[in-house]
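Since every read-out is calculated from the coordinates, none of them should be taken as a lab result. Model, not experiment: these values are computed from the prediction. Here the Cβ is made from the backbone with ideal geometry for all residues, glycine too, and neighbour counts use every protein chain on show.
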Amino acid sequence: MSKADPKVRTSFYESVQNYFDKAAVHTGLHEGLLNQIRECNSIYRMHFPVKIGDGYEIIEAYRVQHSQHRSPTKGGIRYSNHVNQEEVMALATLMTYKCAIVDVPFGGAKGGVKINPWDYSAEDLEKITRRYTTELIRRKMIGPAVDVPAPDYGTGPREMAWIYDTYRAFKGDDIDAAGCVTGKPVNQSGIRGRTEATGRGVFYGIRELCSIEEDMKKLGLSKGIAGKTMAVQGLGNVGSYTATISQDEGGVKIVGVSEVEGAIYDANGIDIHKLLQYRAETGSILNYPGAKSFGKDQRTAIMEFDCDILVPAALENQITMENAHKIKAKIIAEAANGPTTSGAEEVLLKAGKVILPDLYLNAGGVTVSYFEWLKNLSHMRFGRMEKRFNQNTYERIVNTIEKNSGKPISETEKRMITRGADEIDLVRSGLEETMIGSYHQCRDILMSKPKVDGLRTAAFVNAIQKISSDYLSMGVFP
Ligand code: GLU
């Protein structure tokens, strides 16, 4: 195993391995077992031709399955120009630990297609997606029991619908075909609440951290998420939901936002809904009324904004040895995968910051993917069986209370109390419970092991312990 060296400039994959090694020493597990957990089990690299315009383009793509200690393996598919084998390996590796932390019974995987999706028409993207899916089917690297993709950077419900349709065309006799991919549109066997899930999970994680008075005191902050200031890097799916839910449900003040075109700052707060509307109309966040604008070249200024919570919600390697010491925020909430290099983390921890690590904080996406997969295998919407029964029971209780107390309860109040849970209510409550429970598992490890230096190491220890007990119970290692 390589030793973590914070002084060198590390790649994303090296950072993930450094984090693992740093945590592994706290587990007391056998090196052979640790190495089995650490390495990527299978790496599939492909090149396939797709007819684009008058000619053919050779597309480079990957699917990496990091660990099959549980089946199926699970993880998104990324469409980006920066995709490379190491990046997909790092992302697949993180998926394994992520699933373990939130007790989702999957191994980790990830896919990548090396294209800039914004350069292609919808028609071409459909061709690329269907061809990529065919490659996976041929290799037996997709299926509800084998490997289940989902959205990631550059993909969304539309691409998942194409994947599902392609899979069904080949495997029409598989009754569970819908479980071959998650993040599908709701009317294509998707689940309500999947699109917002990662951002909502990020919000629940930050809220839980802020709810513990003694931890907030150590940071010199008051208890509770309400009134905290936040800067968000990236307004993609994860960043925009994190910001809107934090503002609407948490009472957070968004003071800074950055995107590819630049960054903006307003100490008085930026209404995130109005900003999203402004960007949709003008194509940019720049010159948003009342805010100070920083052009494209200065967009990394977001890292130095005065705020309580910094949310990197874009891509990896954003917080590095070059800028870590300039960060003012006391809480770094990693909504993206791999935003902080292992060297930068040392700097941040020395400066007394709290990092809510990616492998915990953005696990809301895969958590709700798990719910979607369960829904697909059960062939039934959550809440269908019990909703009306619960509603009738609550109505009887309310009516009895009303009768016995002699005090009338208004119709609006009655409706609120007696409502049975819909799918979206159950998904959100399952996600909330998961994010809170997993936070405390990691925090308990941090509190009980004095040499564990932060929540990331604690989260890795948590994941390694769970995965190792799977291996040990299989009798793979003595
Ligand atoms: N791409 C998301 C992630 O990085 C979701 C994965 C999934 O739902 O399988 O966690």
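Every residue in the stretch 18-29 that is under 20 Å from Ser473 (Cβ atoms) and in contact with a helix residue (DSSP H, G or I) (Cβ under 9 Å, 6 or more places away or on another chain), please. Reasoning before the result, please.
Of the stretch 18-29, the ones under 20 Å from Ser473 (Cβ atoms) are 24, 27-29.
Across the stretch 18-29, the qualifying residues are Ala24, Thr27, Leu29.
Of all residues in the stretch 182-201 being under 16 Å from the mean Cα position of the chain (by Cα), of a type in the set (Val, Ile, Thr) and under 14 Å from Ala161 (Cβ atoms), which is nearest to the ligand (Cβ to nearest atom)?
If we take residues in the stretch 182-201 being under 16 Å from the mean Cα position of the chain (by Cα), of a type in the set (Val, Ile, Thr) and under 14 Å from Ala161 (Cβ atoms), then Thr182 is nearest to the ligand (Cβ to nearest atom).
Is it true that some residue in the stretch 322-338 is of a type outside the set (Phe, Trp, Tyr), farther than 16 Å from Ser15 by Cα and part of a helix (DSSP H, G or I)?
Yes, the conditions are met somewhere in the stretch 322-338.
Within the stretch 330-349, track down each residue that is in contact (Cβ under 8 Å) with a residue 40 or more places away in the chain, of a type in the set (Val, Ile, Thr) and crowded, with 24+ Cβ neighbours inside 10 Å.
Thr340, Thr341
Quick check on the stretch 312-326. Is at least one of its residues crowded, with 19+ Cβ neighbours inside 10 Å, closer than 25 Å to Lys274 by Cα and β-branched (Val, Ile, Thr)?
no
Would you please name the residue that is surrounded by the fewest Cβ atoms within 10 Å (Cβ to Cβ), looking only at residues in the stretch 134-161 that are among the charged types (D, E, K, R) and outside any helix (DSSP H, G or I)? Working first, answer last.
Residues of the stretch 134-161 that are among the charged types (D, E, K, R), as a first pass: 135, 138-140, 147, 152, 158-159.
Now narrow it down to the ones that are outside any helix (DSSP H, G or I): 139-140, 147, 152.
On the way: Arg139: 14, Lys140: 9, Asp147: 26, Asp152: 25.
Per the stated criteria, the residue is Lys140.
Please indicate, with yes or no, whether at least one residue in the stretch 99-115 is surrounded by 24 or more Cβ atoms within 10 Å (Cβ to Cβ) and over 30 Å from Glu433 (Cα atoms).
Looking for residues that are surrounded by 24 or more Cβ atoms within 10 Å (Cβ to Cβ) and over 30 Å from Glu433 (Cα atoms), one finds at least one in the stretch 99-115, hence yes.
Picking from Ala92, Ala109, which residue would you name as being in contact with an Asp or Glu (Cβ under 6 Å, 6 or more places away or on another chain) and within 12 Å of the ligand (Cβ to nearest atom)?
Values: Ala92 fails: in contact with an Asp or Glu (Cβ under 6 Å, 6 or more places away or on another chain).
None of the others qualify; the one that does is Ala109.
Restricting to the stretch 79-91, count the residues that are over 13 Å from the mean Cα position of the chain (by Cα) and either assigned to a helix (DSSP H, G or I) or closer than 20 Å to Gly364 by Cα (or both). Explain how you work it out, then say what you get.
Looking only at the stretch 79-91, we keep the residues that are over 13 Å from the mean Cα position of the chain (by Cα), and these are 79-90.
Still in the list and also either assigned to a helix (DSSP H, G or I) or closer than 20 Å to Gly364 by Cα (or both): 85-90.
Residues in the stretch 79-91 being over 13 Å from the mean Cα position of the chain (by Cα) and either assigned to a helix (DSSP H, G or I) or closer than 20 Å to Gly364 by Cα (or both): 6 in total.
Among the residues that make up the stretch 393-407, is at least one of them among the small types (Gly, Ala, Ser) and within 30 Å of Tyr360 (Cβ to Cβ)?
Here is the first cut: in the stretch 393-407, the residues among the small types (Gly, Ala, Ser) are 405-406.
Pick out the ones that are also within 30 Å of Tyr360 (Cβ to Cβ) and you get none.
There is no residue in the stretch 393-407 that is among the small types (Gly, Ala, Ser) and within 30 Å of Tyr360 (Cβ to Cβ).
Suppose we filter Thr340, Thr367, Thr393 for residues that are under 30 Å from Ile424 (Cβ atoms) and under 23 Å from the mean Cα position of the chain (by Cα); which single one remains?
Details: Thr340 fails: under 30 Å from Ile424 (Cβ atoms); Thr393 fails: under 23 Å from the mean Cα position of the chain (by Cα).
Thr367 is the lone residue from the list that is under 30 Å from Ile424 (Cβ atoms) and under 23 Å from the mean Cα position of the chain (by Cα).
Quick one: which of Ala226, Ala243, Ala231 is in contact with a helix residue (DSSP H, G or I) (Cβ under 8 Å, 6 or more places away or on another chain), under 23 Å from Lys328 (Cβ atoms), loosely packed, with under 15 Cβ neighbours inside 10 Å and among the small types (Gly, Ala, Ser)?
Working: Ala243 fails: loosely packed, with under 15 Cβ neighbours inside 10 Å; Ala231 fails: loosely packed, with under 15 Cβ neighbours inside 10 Å.
Result of the check over Ala226, Ala243, Ala231: Ala226.
Does the stretch 388-396 include one or more residues that are without any contact (Cβ under 8 Å) to a residue 60 or more places away in the chain, surrounded by 18 or more Cβ atoms within 10 Å (Cβ to Cβ) and not β-branched (Val, Ile, Thr)? Don't jump to the end; show me each part of the working.
Step one: list which residues in the stretch 388-396 are without any contact (Cβ under 8 Å) to a residue 60 or more places away in the chain, which gives 388-396.
Now narrow it down to the ones that are surrounded by 18 or more Cβ atoms within 10 Å (Cβ to Cβ): none.
No, the stretch 388-396 has no match at all.
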